[in-house]
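K.L.:
So that we are looking at the same thing, I have put the structure below in structure tokens.
The values are calculated or read from the model by the stated rules, or taken from the named source; none is laboratory data. Just so it is clear, the model here is predicted, and its values are computed rather than measured. Note that each Cβ is placed from the backbone with ideal geometry, even for glycine, and that neighbours are counted across all protein chains shown.
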């Protein structure tokens, strides 16, 4: 029996087990939206208030569930509004399938109404994309899209469907894709490299594990823990690797990089062997590369061969999925106790605790600090919390101080640093994990970039808890202005609306906390509330994130406070 | 230290792939010296031949990025010693000026060039060779006034007995066979 291309789009998504389509209708995608009414009981569409909201929601959903996030938009402006999210998903390896409508194929290239070359525009920021001009191609293209998005190093895929292909008839047969000749998602593992790596590890006195999101993407948290525990090696994480190992694990030394911990940065230049697991030596992690870990031998476990030797030359590279390679390595490494080496981290931790952490977490100054809000959230939430952040100072405080014990419980825009990511991503995360307590930590700048998504939260009745840390500044930029631009606060002060009234207009309950005595009560009230809630906390204006590896400095030059003038 | 490298990439013949490949160069601010696309010895598989003057390190990274593209089967790079390569050049010269010259024959002979077309107004000369050789002829012909000159991108074959891709495809076929058997087994 013949069906239309639009029906095929939805049936294909259903075949792939899609629960939600985050999207926004428009001219060139209307046939698919019309067909949706027929499949409402099998697939749910969520109407966001902007296409950027749709894609960030799909990202939040994908990050919390580990499944492919699906979003949909019309041609032209609808499609271009997805681009920021696509770029974000590309750099953070988030599996997404984005479906966009396109003008009818006879109109392609004629500057038709709402025509944009979205395949061209999205090419540098998609793992794969494809323009469908014939209805028969739809099942094949969607099957391929899901396979590419979710396998190997995951990433976003875009399928652009011409309007006539949405109308046209086809015989529908769906076959999931499991092989593409030119695409090898899982490389063959070189066993020699594994034994060579094990030998290096067994010989080293001061080995150091740097771990990233590869573990989370490979669902290899258990395998990683087994490796850490047998080898006894201290481990530190990149911002996206954070949930790969329990924050409280005795061998979890903390965060790497620009606003990471003191010990983890300094000892990078003191260890003798680095075991980099599913991470890519981002510049925010390495600081000045010329002075980064030159004394250490590098072992790199990585699924994407283009990442090997891209930034830091590996002495031994284990190319493969860490889910497979970690157990092989664990088997060959000797059981060790590196307690003297671990103690070096702990000594430096004491300095950081005294000079930074205690002052931030238990401040004596009048104004509320971001870190103390997070401390209270840690105290009042349970294991089932998922933290989502936006981008800026609050993101760094959240990364540093949020306690995380469960898998996929911290969602943030890492590589791209997309302001406005937080609110829609938190909404998407709540849709993906309704049983969890999703807490968004967001600044006043970032919230206003996608604040219209409060409407989506209202309509979907998603119980997202929004903690707005309001310092009336674009805090991270202001911090840099203070430190590196002689405190000239150019265009970083913000006059803000009454956020509580705004939330109220969207039917969202809220409360503003102005001083410390009301903070704990406010957090408790927010968590006790069954629906969405906005807790606005007035934050000390000149609160800065430290430690810091200033741009151009070596990781060993991490500073704990601003330089004395 | 920069050197001339020839990158060869084998791919499925898909719309837009050329764009995906060139983006990799653009993004890293690497200049493409020449680029040629044609069908390879294996039916349905396109071969990109791209010449760049870069450091080996940079070339290696670019090749890995090309290799990573979904539709690219495999990408390689070679210094000049590893390949046999050729370019073709066409020169359009006024016939009158050529006729007035005494040494046209020796130029053609010496440079192994040939004449493709002679018209009252112009003559088209063709030469194949390495870039320096076609350039040398260009400079000699300038005295006659070259009206048009065009040089193709480099084409190249490796000095190995078999196409590197053939070995790679053999491995792939074995893998696919295994995969198909596995799928077959699980479905039973």
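K.L.:
I'd like to verify a number: residues in the stretch A:282-307 that are part of a loop (DSSP other than H, G, I, E, B), within 26 Å of the chain's Cα centre (by Cα) and surrounded by fewer than 22 Cβ atoms within 10 Å (Cβ to Cβ), how many?
P.N.:
Looking only at that region, the number is 4.
K.L.:
Counting only residues that are part of a loop (DSSP other than H, G, I, E, B), over 19 Å from residue A:470 (Cα atoms) and in contact with a helix residue (DSSP H, G or I) (Cβ under 8 Å, 6 or more places away or on another chain), how many does the stretch A:381-416 have?
P.N.:
Number of matching residues: 11.
K.L.:
Okay, moving on. Consider the stretch A:419-430. How many of its residues are surrounded by fewer than 24 Cβ atoms within 10 Å (Cβ to Cβ) and within 16 Å of residue A:455 (Cβ to Cβ)?
P.N.:
0
K.L.:
While we're looking at this one, here's another question. Which members of the stretch A:310-332 meet the condition of being within 14 Å of another protein chain (Cβ to nearest Cβ), more than 19 Å from residue A:264 (Cβ to Cβ) and buried (at least 18 other Cβ atoms within 10 Å of the Cβ)?
P.N.:
Matches in the stretch A:310-332: A:310, A:314, A:317, A:319.
K.L.:
Return the total of residues in the stretch B:1-17 being out of contact with any helix residue (DSSP H, G or I) (no Cβ under 7 Å at 6 or more places or on another chain), farther than 22 Å from residue B:166 by Cα and within 14 Å of chain A (Cβ to nearest Cβ).
P.N.:
1
K.L.:
If you go through the stretch B:34-54 one residue at a time, how many are at pLDDT 95 or above, surrounded by fewer than 19 Cβ atoms within 10 Å (Cβ to Cβ) and farther than 23 Å from residue A:128 by Cβ?
P.N.:
Looking only at that region, the number is 3.
K.L.:
Then there's this: Could you go through the stretch B:24-34 and let me know if any residue there is in contact with a strand residue (DSSP E or B) (Cβ under 7 Å, 6 or more places away or on another chain), within 13 Å of another protein chain (Cβ to nearest Cβ) and on the phi < 0 side of the Ramachandran plot.
P.N.:
Looking for residues that are in contact with a strand residue (DSSP E or B) (Cβ under 7 Å, 6 or more places away or on another chain), within 13 Å of another protein chain (Cβ to nearest Cβ) and on the phi < 0 side of the Ramachandran plot, one finds none in the stretch B:24-34, hence no.
K.L.:
Could we say that residue A:41 is surrounded by fewer than 24 Cβ atoms within 10 Å (Cβ to Cβ) and out of contact with any helix residue (DSSP H, G or I) (no Cβ under 6 Å at 6 or more places or on another chain) here?
P.N.:
Criteria met by residue A:41.
K.L.:
Which fully enclosed helices (runs of 4 or more DSSP H) of the stretch A:423-525 have 1 or more residues being under 30 Å from residue A:24 (Cα atoms)? Step through it out loud before you land on a result.
P.N.:
On the way: elements: A:444-449, A:454-460, A:475-484, A:499-505.
Here the list reads A:444-449, A:454-460, A:499-505.
K.L.:
From A:122, A:105, which residue is within 14 Å of another protein chain (Cβ to nearest Cβ), touching a residue at least 60 places away in the same chain (Cβ under 8 Å) and either surrounded by fewer than 24 Cβ atoms within 10 Å (Cβ to Cβ) or on the phi < 0 side of the Ramachandran plot (or both)? Reasoning before the result, please.
P.N.:
Numbers: A:122 fails: touching a residue at least 60 places away in the same chain (Cβ under 8 Å).
When all the criteria are applied, what remains is A:105.
K.L.:
For the stretch A:115-178, please list each of the strands (runs of 3 or more DSSP E) lying entirely inside it that holds at least 3 residues being over 21 Å from residue B:68 (Cα atoms).
P.N.:
Qualifying strands (runs of 3 or more DSSP E): A:156-162, A:169-171.
K.L.:
Kindly establish whether residue A:87 is touching a residue at least 60 places away in the same chain (Cβ under 8 Å), surrounded by 24 or more Cβ atoms within 10 Å (Cβ to Cβ), part of a helix (DSSP H, G or I) and within 14 Å of another protein chain (Cβ to nearest Cβ).
P.N.:
No, not satisfied.
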